[in-house]
Amino acid sequence: MAQSARRTRRDAPKTSLKDIIKAGPTSSLEALAFAAIGLGFGLGLGLSAGAREWSREALGYGWIPVAIWISAALATLRYNRHSVKAHWRWWVAAATLTAVCIGILSQIHAENGTLAETGLSGRWGQTIGGSPLILAVAKLAVVAIVVPLLLFPNAVGAVYLRGLRYLGMGMQFAPVYAYMGLSRTYYFLNQRLRTVRNPLLRESSLNNAKSTIGRHLPEKLRTRFGDDKDDRSGGLHGIEGGESPQGEEHDGQPPSLWADTAPGSLPEWHISQQANPRQASKTVSSAAGGKGLKWVVPSMDILAPAEPRTTADEPLQQMARHVERTLADHGVNVEVKDIKAGPRIVRFGLVPGWVPKRGDSLKGASKGNSSWEDEPAQGERSRVKVQSILMREKDLALALQTPYLRIEAPVPGEALVGLEVPTPSPTKVHLRSVMEASSFGLLAAKGGLPIALGQDTSGAPVVMDLASMPHMLIAGATGSGKSVCINSVVASLLLTKPPDQLRFLMVDPKRVELTPFNGIPHLIMPVIVETDQVNAALRGLMREMLRRYKKMEDLGARNIASYNNKADECLPFLVLVVDELADLMIAGGFEVEQNLVRLAQLGRATGIHLVLATQRPSVNVVTGLLKANVPTRAAFAVASQVDSRVILDSIGAEKLLGKGDMLLLHNDSPKPRRVQGTLVYDEEIEQIVDHWIDHKGPPLPEIPMGDISGDDEDEVDEGMMGQARDLALRHPHLSPSFLERRLKVGGWKAAQIVEILEEEGLIVNR
């Protein structure tokens, strides 16, 4: 019986205002009675001076919110008392809001009158708020925070926790972004000052401006600005004598070197054990007489064959259905239309589905069409927003049980949202598999500098021409695959270019990554491992660049390709490879950056190209001026989003898998492209190096680089010492870093000047 009574009360229709109006005379009489009571109370306060004085001193203007709350409570108790019991928490919250309003009124004081001392809320308001102001704010804050938490612990607690988490994230990242902003501002202003003070940088900036303007001019006027767009084709067409690398004619077809070979197992390496030490002190330059000798590139057989793909279609289809169900569970309707499986990454192409428009979902539910999969009628539906898919990244990572998940929205050139997840059966990308692709063969036949970088998310080979890049910057943490990428780039060039078409200048402060290439005839000089010799080598490279510009001017050529077509003796490409840029920036300072920037700005037309690598992509290593002149950048796995923004100007590199997984940014791509880098074994590098060391070819023209020992070029002149003595008289405690900044010299020369000043007694207590 009790349950039946409760059910009857619960199911009884609720009384509305319209029902009260239609109730007839009874409700009208009740309304008149309430009005009479209110009027009588108001007249009592108006006629009684004591009542008025008491009300003003007690609550002041605080009677207004109190009267509103009491009136609403009485009316609800009379006509809908069940709602008061069901929603008592909201009534308590309203009372709390009324108390907060009274506390705020207590902080407003009149100039004179009864409320001049107590504020507009009277004595009771002083109890809630009062003075001092700090204590009042603390009391009101406690009431406004604690009471809602006690009334609605789940909802309000979740909001508070989310706010605390966002506050913690803001406090964590605010100093980082503030530091980045200040650093970028400092380097921008510093570079502007350097450009104004240094005539060489002014000349380079002017040349860049002319080149930019020239690209937008008509063809007849473009030549006076030195446009070098035709430099993409490189300068040399094929190997000497028009023959293939194996010495066989191919009649316009790709040489047999690029023909498809059957995949096989990893070959056995038979490294010669005979005495054949690497000549680190000098390079192989010529044979006796040099007549009848030709340079022959190594055979592709020394490289490991490609691994067969083992990715089945059924697991990928199951992952696609799992992605659809996971998003559907969170109210996001999508359909997987495209599945591309790469060596280590699977990319699912998501097409946003349809959802009912707001208000139409209830209509559909009333008709029995509440299923999510039922498409609404045309005109009653809208597309799922891309932002809704991006917000479910963590949910997808949890469902797919992987932390390495990346969403690309949209995919460049396609109406899809790309979801990249690790493949269930990863495979390696060997250097041979990419070099044997037809795209690499066609690129090599054009005569540029083809390099094999890897395969994209669909398994397609990624090959590029270093001559058209024209420079490349590689960054990544330890173990991410940065050094392997450098070896792949160098190996690609050594397998396609003889030393009469390509020469190297290598810098390796770590002494372990590039030193195995010592002895090959491609090297201009042995691999530089001493940081104090780098500036002298870079100055020698700039002298070679200016010498080439003089030759082009005499012959009327605009770039190396045009010069080699007109000249009797062809100029080889020059590639500068630096393994650890951060160490050079620390040791060489401003001079290293200045030399690299100038080579990057002016070296392309003369066939000089840079390949720079660093483990620390910070703003003081990858400066804005250097990054602006190196358009092609490869980012491997990095530690944070800050490092990713420095190298790519966007996030994403912090989510890479490592071990060759990289994001490639170049001129032809508006967004970074995900690529799995090629793998080259140490045994393969040794085989390539042994081939070139044992190979005898025609004499090679010497490229004068000057003395890099530092005895002549880095000798301190008297004018510089005069400036240093003046600084020492004003700053007797100066340091080498101070001289490096003021005199614009390298770290080694600054230390030498300090030693001289110490001997002269101009520096004390250093």
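FYI, it's all coordinate maths here, none of it is from the lab. Note that the coordinates shown come from a computational prediction; the quantities given were computed from them, not determined experimentally. Counting neighbours? That spans all protein chains shown, and the Cβs are built from the backbone with ideal geometry, glycine included.
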Discussion item. Suppose R0 equals 22 Å. What FRET efficiency, 1/(1 + (r/R0)^6) with r the Cβ-Cβ distance, do Glu414 and Ala628 give to the nearest 0.05?
Written reply: 0.15
Worksheet, complete the sentence: Sorted largest first, the C-alpha extents of segment 718-759 along its principal axes in whole angstrom are 21, 21, 19
Worksheet item: Put a dot 7 Å past each Cα toward the Cβ at Ala141 and Thr402; how far apart are the dots in nm?
Response: 4.6 nm
Item to complete: Report the GluC sites (Glu not before Pro) located in segment 527-586 that are in a DSSP loop and have at most 13 other Cβ atoms inside 10 Å of their Cβ, or state none.
Response: Glu569
Discussion item. Between Ser438 and Phe188, what is 0.36 nm times their sequence separation minus the Cα-Cα distance? Round to one decimal in nm.
Written reply: 85.6 nm
Practice prompt. Grab the Cα-Cα distance for Met169 and Leu546, subtract it from 0.36 nm times how many residues apart they are, and report the gain in nm with one decimal.
Written response: 130.5 nm
Worksheet item: Based on the mean of other beta carbon atoms within 10 Å per residue, what is the order of 492-498, 596-602, most packed first?
Response: 492-498, 596-602
Response to the item:
Along the dipole axis of segment 464-694 (charges at Cβ: +1 for Lys and Arg, -1 for Asp and Glu; origin at the Cα centre), the most positive-end residue among Leu665, Met464, Val575 is Leu665
Worksheet entry | Links that overshoot a 21 Å alpha carbon limit, given the list Lys357/Lys385; Lys497/Lys551; Lys340/Lys627; Lys497/Lys659; Lys446/Lys497 | Lys497/Lys551; Lys340/Lys627; Lys497/Lys659
Worksheet entry | Cut-off under 5 Å, modelled amide H: who pairs with Gly658 long-range | Ala637
Item to complete: Please list the non-local residues whose amide H lies under 5 Å from the amide H of Arg503, H modeled 1.01 Å from N, same-chain partners needing a gap of 5 or more.
Response: Phe573, Leu574, Val575
Worksheet item: Loop-only check: which trypsin sites (Lys or Arg not before Pro) in segment 486-569 are DSSP coil with at most 14 other Cβ within 10 angstrom?
Response: Lys510, Arg511
Worksheet item: If you wrap a convex hull around the C-alpha atoms of segment 464-694 and split its volume per residue, what is the figure in Å³?
Response: 116 Å³
